[in-house]
Amino acid sequence: MLSVEAAQREFEPSGIYLNTASIGLPPRRGVEALSEAIETWRTGRAEAAGYDVVIERARRGFAGLVSTTPERVAIGNQVSTFTALIAAGLHDGARVLAAEEDFTSVLFPFMEHADRGIQVRTVPLAGLVDAIGPGVDLVAVSAVQSADGRLVPGGLEALAAAAARHGCLTYIDATQAVGWLPFQADAFDFVSCAAYKWLLAPRGTAFGVVRPDRLGMLRPLYAGWYAGDDPWTSIYGPPLRLASEARRLDISPAWLAWVGTVPALELLAEVGIAAIHEHDVALANALRGRLGVPPGDSAIVTVAADGALERLRAAGIKASVRAGAVRLSFHLHNTEADVQAVARTLGR
């Protein structure tokens with residue numbers, strides 16, 4: 001295992017970076033892998049089939065981080081792509097339950113099927129688990145809310161249990177969770193995760209996880225040669241010959257983005273999600289303490305805007321504004337010194 005302190009040497013932000021919830025910082029090993037791959041491409045030495053090893057390393061790496069098997073993992077490019085597959089797989093008239101504050105990549109693909117009678121009912125996140133009951137066909141929610149870092153009240157275990165009691169399918173967007181929050185993908189029917197935030201990867205790589213008994217629900221609407229049972233004998237002509245596992249949902253990969261993804265996943269695995277979780281939440285709670293608010297369970301802290309972002313930027317501290325508040329997100333590269341700098345800047 002790699003210590004958090006040793007892993008921090010992989011990062012070189014120019015200032016204090018507290019914006020992982022927007023864009024993750026790449027580790028040095030990821031940048032070096034990308035540089036080497038670009039040079040290979042530039043000099044005409046790249047081979048298309050040579051990237052297959054990279055894709056499978058990424059698939060296995062992600063599976064390990066979320067405690068599932070590679071056979072259940074599909075590769076893609078963004079969350080809304082996977083959401084759209086699930087929405088298209090629901091029967092006409094299906095009823096979907098979601099959190100009204102959630103990121104729209106979890107909501108819009110379902111709402112777009114209103115012409116098929118699919119109904120999307122949204123409730124406040126605080127009441128989501130209690131709203132699961134008879135007549136709900138699928139509950140869709142982010143594991144961690146993008147705007148403010150809130151987790152599902154009662155925990156994802158409570159959500160999965162309530163859904164099981166009522167025969168309700170579950171879909172979790174784990175983008176703001178995987179990489180710092182321990183996550184068991186097999187507890188849910190469907191999972192999606194973009195890798196460019198807490199997984200520290202280039203934008204353009206994402207994962208989906210599907211329970212084997214639910215795979216038949218999903219039509220491979222984006223099927224291409226890379227979704228073939230053997231991609232390199234699936235590049236010309238019929239018949240349809242897709243993989244039997246979740247690979248049938250694969251989207252042809254943007255090679256260089258995946259080159260940068262693999263080293264990042266491997267770094268996170270070397271440190272361990274449990275250690276990262278402890279580190280990230282401890283820093284977030286240290287800041288909460290300085291701000292005079294109770295401790296929480298998230299690596300994301302929000303503070304009232306009121307000129308705070310401008311003061312942080314002037315001090316060389318990178319954050320963002322979401323839903324009218326300043327959002328600060330703590331990850332592997334951050335230290336106690338960052339907490340102190342934010343507190344001083346905000347007058348606390």
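Quick look at the numbers
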| read-out | value |
| --- | --- |
| Simple spin-label estimate for T40 and A305 in nanometres, 7 Å along Cα-Cβ | 4.5 |
| Dipole of segment 124-273, positive direction: furthest Cα of A246, L256, L128, with charges on the beta-carbon | L256 |
| Net charge over other residues, Cβ less than 12 angstrom from the Cβ of V281 (K, R count +1; D, E count -1) | -2 |
| Length-normalised contact order for segment 164-209 - Cα pairs under 8 Å, 6+ apart - percent | 35 |
| √(5λ) per eigenvalue of the Cα gyration tensor, segment 1-126, largest first, Å | 36, 22, 15 |
| Centroid-to-centroid separation of segment 138-160 and segment 233-275 [C-alpha atoms, Å] | 26 |
| Alpha-carbon radius of gyration plus Dmax, which is the widest Cα pair, for segment 213-293 in Å | 20.7, 65 |
| Other-chain or far-sequence residues with amide H under 5 Å of V120's (modelled H) | V96 |
| Segment 55-197: antiparallel DSSP beta bridges as a percent of all, rounded to 5 | 5 |
| Interatomic Cα distance distribution for segment 144-273, bins of 5 angstrom, percent | 2, 9, 16, 18, 18, 17, 11, 6, 2, 1, 0 |
| Two-decimal log10 I(q)/I(0) for segment 202-348, as the Debye equation yields it once each C-alpha is a single scatterer, q = 0.10, 0.12, 0.15, 0.16 Å⁻¹ | -0.58, -0.72, -0.87, -0.92 |
| HN-Hα J in Hz across segment 41-46 - Karplus 6.51, -1.76, 1.60, θ = phi - 60°, x for Gly and Pro | 5, 4, 8, x, 9, 6 |
| Sequence-separation-based contact order of segment 167-301, relative, with Cα cut under 8 Å and 6+ spacing, percent | 22 |
| Relative contact order [Cα under 8 Å, 6+ residues apart], the chain, whole percent | 24 |
| Zone residues, segment 48-82, relative to A6, backbone N less than 20 Å from point 7 Å out along Cα-to-Cβ | 65 |
| Charged-residue dipole, Cβ positions (Lys, Arg, Asp, Glu), segment 126-192 about Cα centre, Debye nearest 20 | 80 |
| Cα lying deepest toward the dipole's positive end in the chain, options A187, A161, A323, charges on Cβ | A323 |
| P(r) weight above 15 Å for segment 169-245, C-alpha pairs, percent | 64 |
| Using θ = phi - 60° and Karplus 6.51 cos²θ - 1.76 cosθ + 1.60, couplings along segment 96-105 (whole Hz; Gly, Pro as x) | 10, 10, 8, 8, 5, 8, 6, 5, 5, 5 |
| Among L309, L287, V271 - extreme Cα towards positive end, dipole of segment 188-323, charges at beta-carbon | L309 |
| Heavy-atom surface of the chain, accessible at 1.4 Å and reported per residue (Å²) | 43 |
| Dipole in debye (nearest 20) - the chain, about Cα centre, beta carbon charges: Lys, Arg +1; Asp, Glu -1 | 500 |
| Correct option for Rg and Dmax of the Cα atoms in Å [calculated from the coordinates] among (1) 23.3, 99; (2) 20.6, 67; (3) 19.7, 63 | (2) |
| Span per principal axis, largest first, for the Cα atoms of segment 7-54 (Å) | 38, 19, 18 |
| Segment 204-230 and segment 304-348: distance between their alpha carbon centers, rounded to Å | 39 |
| Percent antiparallel among DSSP beta bridges (both partners in the chain, rounded to 5) | 50 |
| Computed magnitude of the charge dipole of segment 10-91 (debye, nearest 20; Cβ of K, R +1, Cβ of D, E -1) | 160 |
| Alpha-carbon centroid distance for the pair segment 3-59 / segment 81-104, whole angstrom | 32 |
| Amide H partners (placed H, <5 Å) of L169, local residues excluded | L138, V139 |
| q = 0.21 Å⁻¹, segment 68-158: log10 I(q)/I(0) [Debye, one scatterer per Cα] | -1.11 |
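The values are calculated or read from the model by the stated rules, or taken from the named source; none is laboratory data. Only a predicted model underlies this, so the values are computations on that prediction, with no experimental measurement involved. Cβ atoms come from the backbone with ideal geometry, glycine included; neighbour counts cover every protein chain shown. The area values use the complete protein model at the heavy-atom level, side chains included, leaving out ligands, DNA and RNA. Shrake-Rupley method; radii C 1.70, N 1.55, O 1.52, S 1.80 Å.
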